[in-house]
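Asker: Pasting a structure below so you can have a look.
The values are calculated or read from the model by the stated rules, or taken from the named source; none is laboratory data. This structure is a prediction, so every number in the text was calculated from the model and none was measured. FYI the Cβ positions are ideal-geometry reconstructions off the backbone, even for glycines, and counts take in every protein chain you see. Surface areas here come from the heavy atoms of the whole protein model, side chains and all, with no ligands, DNA or RNA. Shrake-Rupley method; radii C 1.70, N 1.55, O 1.52, S 1.80 Å.
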Amino acid sequence: MIKCYRILILITILLVSCATSPTGRRQLIIVTEDSAIAASKQAYTEMIKPYAQQGKIDNDPALKDRVYRITGRLIAQAIKMRPETKDWGWSIKIIDDPKTVNAWAMAGGKMALYTGLVEKLEATDDELAQVLGHEIAHALAKHSAEKMSVAMASSIGVAAVGVVADNKGLAITGAALAAALAVQKPNSRAAESEADQIGIELAAKAGYDPRAAITLWQKMAKVGGKGPPEFLSTHPAPENREKKLEALIPSMMPYYERKGARPFYKL
Ligand SMILES: [Zn+2]
């Protein structure tokens with residue numbers, strides 16, 4: 001009887017919690033965006049802490065200037081797209097880890113970029129803007145809340161959360177742990193297409209060349225080492241990624257070529 005009752009609650013939640021993403025895709029949202037943001041804040045602090053203790057955060061001033069400048073311009077565009085995000089408390093941390101080719105964003109605009117991505121890809125400013133724009137797009141389009149929802153909706157997911165809690169030694173549980181796990185889980189291909197589309201627009205409006213979206217993914221596919229980079233495992237290629245990006249470029253060029261100063265968000 002109790003079990004039936006639980007199933008009934010779950011069905012009710014499922015029925016009432018389908019939302020629509022910025023590009024019109026239906027999303028399962030059990031974890032509301034507000035609770036995803038609160039959980040992500042806590043998860044972010046815990047995930048950054050061990051690197052900070054080892055002096056591995058933002059310790060190259062030139063790279064910090066460069067990444068903060070690019071990210072600040074992208075965030076200003078993100079806020080134009082979704083004005084309520086101006087209160088998010090946006091943040092990016094550069095993690096000194098030359099072996100890891102990765103970047104991620106949590107709900108509420110808490111982001112990380114690993115130095116391995118910059119170094120191994122020899123990424124230009126335009127290419128970095130594409131990576132960071134893509135990450136910001138995941139947060140803007142509520143993909144973190146969506147991934148947390150999927151994890152928490154399945155009892156297997158909840159059990160897995162328990163196991164990882166034991167193994168990772170993160171001092172967080174429940175929703176915060178789901179937030180930490182969400183950045184380590186692959187996005188759906190539909191979410192990837194959406195992030196590509198929003199990301200290239202944010203970057204073009206911030207003054208970064210949309211053609212760099214193509215070279216970025218080409219470099220990503222070529223980067224050597226053992227297995228594919230972390231970034232590709234959490235950002236699987238949607239069908240015809242390159243073709244779809246290519247098709248977006250002409251409509252993005254006017255944003256990129258627009259004259260005048262670009263707005264900036266101070267990080
Ligand atoms: Zn992605």
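Asker: Could you pull out the residue among 132, 140 that is among the hydrophobic types (A, V, I, L, M, F, W, C), within 28 Å of residue 190 (Cα to Cα), in contact with a Pro (Cβ under 8 Å, 6 or more places away or on another chain) and open to solvent by less than 10 Å² (accessible area, probe 1.4 Å)?
Answerer: 140
Asker: Something else: Could you list, ordered by first residue, the pairs with Cβ atoms under 6 Å in which the first is in region 118-140 and more than 18 Å from residue 95 (Cβ to Cβ) and the second is of a type in the set (Lys, Arg) and part of a loop (DSSP other than H, G, I, E, B), at least 6 apart or interchain?
Answerer: 140/82
Asker: Every residue in region 52-106 that is among the hydroxyl-bearing types (Ser, Thr, Tyr) and either surrounded by fewer than 23 Cβ atoms within 10 Å (Cβ to Cβ) or in contact with a His (Cβ under 6 Å, 6 or more places away or on another chain) (or both), please.
Answerer: 68, 85, 91, 100, listed by residue number.
Asker: Does residue 120 satisfy being at pLDDT 95 or above, more than 22 Å from residue 204 (Cβ to Cβ) and more than 14 Å from the ligand (Cβ to nearest atom)?
Answerer: yes
Asker: For region 245-267, what are the residues that are surrounded by fewer than 12 Cβ atoms within 10 Å (Cβ to Cβ), farther than 25 Å from residue 88 by Cβ and modelled with pLDDT of 95 or more? Even if it seems obvious, please write down each step before you answer.
Answerer: Applying the first criterion (surrounded by fewer than 12 Cβ atoms within 10 Å (Cβ to Cβ)) to region 245-267 yields 247, 250, 254, 257-261, 266.
After this cut, where a residue has to be farther than 25 Å from residue 88 by Cβ as well, the list is 247, 250, 254, 257-260.
Selection gives 247, 250, 254, 257, 258.
Asker: Are any residues in region 194-223 open to solvent by less than 50 Å² (accessible area, probe 1.4 Å) and not in a helix (DSSP H, G or I), and if so, which ones?
Answerer: 206, 207, 208, 209, 210, 223
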